[in-house]
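First the structure, in the form of structure tokens, and then the observations on it.
Laboratory data are not the source of any read-out in this text; all were calculated from the coordinates shown. These numbers come from a predicted model, not from an experiment. A quick note on method: Cβ atoms are made from the backbone with ideal geometry, for glycine too, and the neighbour counts reach across all protein chains shown.
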Amino acid sequence: MNLKKRLLAGDTLSTAWLSINHTFVAELVVRQGFDAAVIDMQHGLQNLPDVLPMVQAVQPHVLPVVRVPSADAATLMKVLDMGAEGVIVPLVNTPADAKAIVAACQYPPQGVRSFGPTRANHVFPDYAKKANDNVTIFAMIETAEGLANLEDICKTPGLSGIFIGPADLSYALGLEPRTDNPDPKHVEAVKRIITVSKEHNLAVGIYGDDPTYLQQAVTWGIQLVITATDTVLLARSAKQKLLAFQNKEHDSEPRGRSPY
Ligand code: 3PY
Ligand code: MG
């Protein structure tokens, strides 16, 4: 089943976050049994030439999603042409922003996506006919302006979901940036985003790290759950191995409270 169908069916997708632009690292991570992977072009090391090999490395194992660095239409069209199942667009602040990203991802007459599915055409059957129905489009709500416009953003026809950036959302609420934020103000904002999104039949995703927090977030209605990030996995297990060898105390959170 493709990503859109799994989200519509109510599935929870355990998703890896890939910040390191190396196909073998990506392959190693996703082969552990994840459902999906996000190739991060915003803060991760990937630039556009990295995206094709990263998508090729993960696609045999998981559903590939690309977080683009901005709402730039040309980048959205290009990563979809490369075979991404879905996109996540950061810092969506207004209904106009949301409308523009949906248009860039949809072929006419619904949108303005230019035709040329260079790789997607070879990976997905009947791509041209089915792309508008199948491509998954997440808008990130992570700013005060985005929060203020939440209802109107969620009304955008063709939008598939809302993705929560917990660190930027923390800033938006006057808090220190961190994931898995237990501050009541943050929890309330996350729950409100989920409620409003669900009212508009939108799936919701969140970036995170702490399994206990994320299990709770699933009970609130989160479906695309980022449960592991390559950089964090490497740094954390390297530190734990070193400390174990040195007979030093294990530090379960060696990188502090903002794992990226
Ligand atoms: C955030 O936490 O703001 C994100 O965008 C996740 O990378
Ligand atoms: Mg962010």
- Note on the structure: Flagged in the range 4-23 as out of contact with any Asp or Glu (no Cβ under 8 Å at 6 or more places or on another chain) and surrounded by 21 or more Cβ atoms within 10 Å (Cβ to Cβ), in numbering order, are Leu7
- Query: Going by the conditions given, is Gly116 within 15 Å of Lys4 (Cα to Cα) and assigned to a loop (DSSP other than H, G, I, E, B)?
  - Reply: no
- Query: Where in the range 1-110 are there strands (runs of 3 or more DSSP E), lying wholly inside it, with at least 1 residues that are among the small types (Gly, Ala, Ser)?
  - Reply: 13-18, 36-40, 86-89
- Item | Qualifying position, being touching a helix residue (DSSP H, G or I) at 6+ places or on another chain (Cβ under 8 Å) and either away from ligand 1 (no atom under 16 Å from the Cβ) or within 19 Å of Ile164 (Cβ to Cβ) (or both), among Gln42, Gln32, Gln56, Gln46 | Gln56
- Could you check, for the range 32-46, whether at least one of its residues is within 16 Å of ligand 2 (Cβ to nearest atom), under 23 Å from Asp168 (Cβ atoms), hydrophobic (A, V, I, L, M, F, W, C) and touching a Leu at 6+ places or on another chain (Cβ under 6 Å)? yes
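Can you work out which of the residues in the range 127-183 that are more than 21 Å from Asn93 (Cβ to Cβ) and assigned to a loop (DSSP other than H, G, I, E, B) is nearest to ligand 1 (Cβ to nearest atom)? So that I can check it myself, show each step before the final result.
Our first condition is that a residue be more than 21 Å from Asn93 (Cβ to Cβ); within the range 127-183, this holds for 127-135, 176, 178-180, 182-183.
Cutting the leftovers down to assigned to a loop (DSSP other than H, G, I, E, B) gives us 135, 176, 178-180, 182-183.
Values: Val135: 21, Glu176: 12, Arg178: 8, Thr179: 6, Asp180: 10, Pro182: 15, Asp183: 14 Å.
By that ranking, first place goes to Thr179.
To keep it simple, each residue is scored yes or no on (1) away from ligand 2 (no atom under 16 Å from the Cβ); (2) among the polar types (S, T, N, Q); (3) within 21 Å of Lys99 (Cα to Cα).
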| residue | (1), (2), (3) |
| --- | --- |
| Thr156 | yes, yes, yes |
| Phe163 | no, no, yes |
| Asp168 | no, no, no |
| Leu173 | no, no, no |
| Glu176 | no, no, no |
| His200 | yes, no, yes |
| Tyr207 | no, no, no |
- Kindly list the number of the only condition in (1) under 28 Å from Asn149 (Cα atoms); (2) in contact with a strand residue (DSSP E or B) (Cβ under 8 Å, 6 or more places away or on another chain) that fails for Tyr213. (2)
- Task: Among the residues of the range 1-15, write down those that are over 19 Å from Gln32 (Cα atoms) and touching a strand residue (DSSP E or B) at 6+ places or on another chain (Cβ under 8 Å).
- Result: Asn2, Lys4, Arg6, Leu7, Leu8
